[in-house]
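What follows is one structure encoded as structure tokens, with my remarks underneath.
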Amino acid sequence: MGLQAVGLELQQIRENAMPDSPSSPPVCDYEGSSYRTDFWEGQGRDYEDRVERIAIQRLMPQGGRRLIQLGAAFGRLTPLFEGYEQIVLLDYSRSQLEEARREFGDTKYRYVAANIYNMPFVAGLFDGLTMIRVLHHMQDPAAALAEVRRIGQSGGAFLLEFANKRNLKAIGRWLLRQQDWNPFDLAPVEFVELNFDFHPQYVRQTLHEVGFAPGRSLTVSHFRVDLLKRSVPTGLLVAVDSLFQWTGGVVQVSPSVFVRSAIAGKDEPAPDGAFWRCPSCGGHEFEERSDRLVCQSCGAQWAIVNGVYDFKTPISA
Ligand SMILES: C[S@@+](CC[C@H](N)C(=O)[O-])C[C@H]1O[C@@H](n2cnc3c(N)ncnc32)[C@H](O)[C@@H]1O
Ligand SMILES: [Zn+2]
């Protein structure tokens, strides 16, 4: 992803966001931002939006029992998962989730404000998981992905999108000595605060280490070049990108890569029928009131405001 493309994505950064884990990595917080209109609508990114939808439809099962969108924001991609019985939108930003709720309502959707590093769900809850345009904000990708694995159900599907440091533009700039970091080096590169590009091999290895079995990759947004986007009809660019996506099975040199993993190994045990897990103590029994959930193990109270379950900071009694 180019610098200008992330400029608007970089919002207020909150250090040590989780009260229960002072060592939690910092969060790139979109609270209060107008991400939809500042970054997507009318911002010349129809091409990226359309090719991402194609990749998602190619890689994710058409339906299932329960899907979570990690870092869902305002729900740009939510309509693609209609085939699932229940859909959870998780984001750190309450305002993004409230915006999504105004559009999708509550019928089969649930809105959860929480930190990906410490999520309020019991183990093995989801058979479908997506994390799109979010890993690039993760300072500790292994910790984030391990937590994603924990809430996934063995045999389920996890679709991850990441910003690829080994893309053609970065390779060219490096060869011309216009860029000091080496796109072939496996380590993540933080090119703007809390915005990281990753090497495809590093991502696959990390997925594997935390309990996923990474499978098919598709490369996406091959033609993310302003001049091309301005001079070639979007429909044509989308059609050619759609063909090129299959090259992701051989080599990945596009700025964005989608990889589908199977959820491997055994799930941690979780009590039958349980859904929530207290981010403070790990307890799974709650009293649900109209405006809060009260953890029966540690007494922490988690607010429900405007239909959003807020697990960021407990409220006082
Ligand atoms: C670039 S947006 C992507 C939104 C959506 N996935 C899409 O593609 O349209 C990144 C989102 O990730 C969320 N996010 C970043 N770090 C997070 C964290 N640690 N926990 C939960 N959400 C996080 C931000 O609040 C933001 O809404
Ligand atoms: Zn608790």
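Bear in mind these aren't lab numbers, they're just calculated from the coordinates by the rules spelled out. For clarity, every value in this text was computed on a predicted model and none was experimentally measured. So basically every Cβ, Gly included, is an ideal-geometry build from the backbone, and we count neighbours across all protein chains shown.
Below, the figures for the structure above:
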quantity: Computed over segment 3-271, the ratio Rg/Rh where both radii use C-alpha atoms and Rh is Kirkwood; calculated: 0.94
quantity: Proportion of all alpha-carbon pairs of segment 223-317 beyond 16 Å (%); calculated: 71
quantity: Mean separation of Cα contacts under 8 Å, 6 or more apart, over the residue count of segment 194-268: relative contact order %; calculated: 47
quantity: Segment 140-213: chymotrypsin sites (Phe, Trp or Tyr not before Pro) falling in loop per DSSP and having at most 12 other Cβ within 10 Å; calculated: PHE184
quantity: At R0 = 45 Å, FRET efficiency that the Cβ-Cβ distance of ARG53 and TRP181 yields, to 0.05; calculated: 0.90
quantity: Packing-based exposure ordering (other Cβ within 10 Å, fewest first) of SER261, SER34, SER256, SER24; calculated: SER34, SER24, SER256, SER261
quantity: Reachable lysines from LYS108, criterion Cα separation under 29 angstrom, eight or more residues apart if same chain; calculated: LYS266, LYS312
quantity: Cysteines (scope the chain) whose Cβ has no counterpart Cys Cβ under 4.7 Å; calculated: CYS28
quantity: FRET E, pair CYS298, GLN201, Förster distance 30 Å, beta-carbon r, rounded to 0.05; calculated: 0.15
quantity: Sites ALA143 and SER242 - FRET efficiency at Förster radius 51 Å, r taken between beta-carbons, to 0.05; calculated: 0.90
quantity: Candidates ARG133, ARG224, ARG289, ranked by Gaussian network fluctuation over the chain, Cα under 10 Å, top entry; calculated: ARG289
quantity: Proxy reagent accessibility, fewest Cβ within 10 Å first, across CYS298, CYS278; calculated: CYS298, CYS278
quantity: Anchor LYS169: lysines whose Cα lies under 16 Å away (excluding residues fewer than 8 positions away in-chain); calculated: LYS229
quantity: Contact order normalised by residue count of segment 149-212, Cα under 8 Å, 6+ apart, percent; calculated: 32
quantity: Under-5 Å amide H pairs with SER154, H placed in peptide plane, nonlocal only; calculated: ASP267
quantity: Per principal axis, descending, Cα span of segment 93-181 in whole Å; calculated: 53, 32, 20
quantity: HN-Hα J in Hz across segment 202-217 - Karplus 6.51, -1.76, 1.60, θ = phi - 60°, x for Gly and Pro; calculated: 4, 5, 4, 5, 5, 4, 4, 4, 9, x, 9, 10, x, x, 5, 10
quantity: Whole-angstrom gap from segment 104-121 to segment 289-317, using each part's C-alpha centre; calculated: 13
quantity: Segment 3-271 - percent relative contact order, Cα under 8 Å, separation 6 or more; calculated: 19
